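Just below is one structure, and these are the notes that go with it.
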Amino acid sequence: QVQLVESGGGLVQPGGSLRLSCVASGSTFKLYTMAWYRQAPEKQRELVAAITSSGSTNLADSVKGRFTISRDDAKNTVYLQMNSLKPEDTAVYYCNANLLHLNSWGQGTQVTVSS
């Protein structure tokens, strides 16, 4: 399984932007479907965005038009560009890697949107 390390979280004002990064170990990164999930306090973890090995993307309705997911296979990295952030985007954001029966999670990075 791959090891995942997220970075880029922090405190931002409403309307601001952040870019999350997730670096994966190993040489098979390009084969994985990568995704970002988030979990707010007392809520279930939810899928935010996903990108397949071929580059097809899927975004949750709540973030369409504001968030973009991308990947750089040469750098073993997946990104989540978050624009026009809202207080309801506040959560711990987790990176996920999935390939057949293999499923790995990062440790999470906190995103807080507040004035």
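The values are calculated or read from the model by the stated rules, or taken from the named source; none is laboratory data. These numbers were taken from a predicted model, which means no experiment stands behind them. Please note: Cβ atoms are built from the backbone with ideal geometry, for glycine as well, and neighbour counts cover all protein chains shown. Heads up: the accessible areas ignore ligands, DNA and RNA and are worked out on the full protein's heavy atoms, side chains in. Shrake-Rupley method; radii C 1.70, N 1.55, O 1.52, S 1.80 Å.
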| Qualifying positions in the range 15-44 - within 14 Å of residue 88 (Cα to Cα) and of a type in the set (Lys, Arg) | 38, 43
| task | Specify the residue that is farthest from the chain's Cα centre (by Cα); the eligible residues are those in the range 4-20 that are in a strand (DSSP E or B) and surrounded by fewer than 18 Cβ atoms within 10 Å (Cβ to Cβ). | result | 11
| request: Could you figure out which of (1) open to solvent by less than 50 Å² (accessible area, probe 1.4 Å); (2) in contact with an Asp or Glu (Cβ under 8 Å, 6 or more places away or on another chain) isn't true of residue 49? | output: (2)
| request: Hey, can you tell me all the residues within the range 63-115 that are in a loop (DSSP other than H, G, I, E, B), aliphatic (A, V, I, L, M), open to solvent by 10 Å² or more (accessible area, probe 1.4 Å) and modelled with pLDDT of 95 or more? | output: none
| said: One residue is enough: does the range 60-76 have a residue meeting the conditions touching a residue at least 40 places away in the same chain (Cβ under 8 Å) and at negative phi? | reply: yes
| query | So, of the residues in the range 21-45 that are among the hydrophobic types (A, V, I, L, M, F, W, C) and more than 23 Å from residue 85 (Cβ to Cβ), which turns out to be most open to solvent (accessible area, probe 1.4 Å)? | reply | 31
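Hey, can you tell me all the residues within the range 21-54 that are under 18 Å from residue 77 (Cβ atoms) and part of a loop (DSSP other than H, G, I, E, B)?
Here is the first cut: in the range 21-54, the residues under 18 Å from residue 77 (Cβ atoms) are 21-37, 48-54.
Selection gives 25, 26, 27, 28, 32, 52, 53, 54.
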